[in-house]
Amino acid sequence: MDRTFIFVGALAGFVGVALGAFGAHFLSTDMLAVFETGVRYHLIHAVAILATAGLMGRASGRLLTSAGWLFSGGIVLFSGSLYVLALTGITIFGAITPLGGLAFLAGWACLLMAAI
């Protein structure tokens, strides 16, 4: 599973940097802040996925696996909804963002429990 999260974390980092560059060059200033929030959380949690992979075998495997998948889902839901909102202006996508935030929080809670 650690190799899976190394792959997922590296892919998430690559995509996050590419999207950050895209947003900086092609978005209007009114939606750029929304897009940049998505990129910031995307990249932070790409690193969290890589850290989770590095912790595999040192703590509870089930909790770490859950954390990795929750961080991944959080990127899709939180950052993804902000990307779609910024690119389309369709505000209903903002309703999905808190679900991604909950996934991020649950992932951090899993890491905390793994440490205990």
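Computed over the stretch 50-102, the range of Cα coordinates on each principal axis works out to 44, 16, 9 Å, biggest value leading. Hey, with R₀ at 22 Å, roughly what FRET efficiency would residue 27 and residue 91 work out to, going by the Cβ-Cβ distance, to 0.05? That pair, residue 27 with residue 91, gives E of 0.85.
For the pair residue 112 and residue 62, a Förster radius of 25 Å applied to the C-beta separation gives a FRET efficiency near 0.95, rounded to the nearest 0.05.
Helix-only arithmetic for the chain: the sum of -39500 (n - 2.57) across DSSP H runs with n ≥ 4, divided by the residue total, places the mean residue ellipticity at 222 nm at -27500 deg cm²/dmol.
Rounded to a whole number, what % of the accessible area of the chain do carbon and sulfur atoms account for, probe 1.4 Å? Solvent-exposed carbon and sulfur of the chain make up 74 percent of the total. Accessible surface computed residue by residue for the chain, with neighbouring protein chains in place and a 1.4 Å probe, gives 55 Å² per residue.
Restricting the calculation to Cα atoms, every distinct pair contributes to the Kirkwood radius of the chain, found to be 14.2 Å.
The values are calculated or read from the model by the stated rules, or taken from the named source; none is laboratory data. Predicted model only: the values in this text are computed from it and were never measured. Neighbour counts run over all protein chains shown; Cβ positions are idealised from the backbone, glycine included. Protein only, heavy atoms only, side chains kept; ligands, DNA and RNA dropped before computing areas. Shrake-Rupley method; radii C 1.70, N 1.55, O 1.52, S 1.80 Å.
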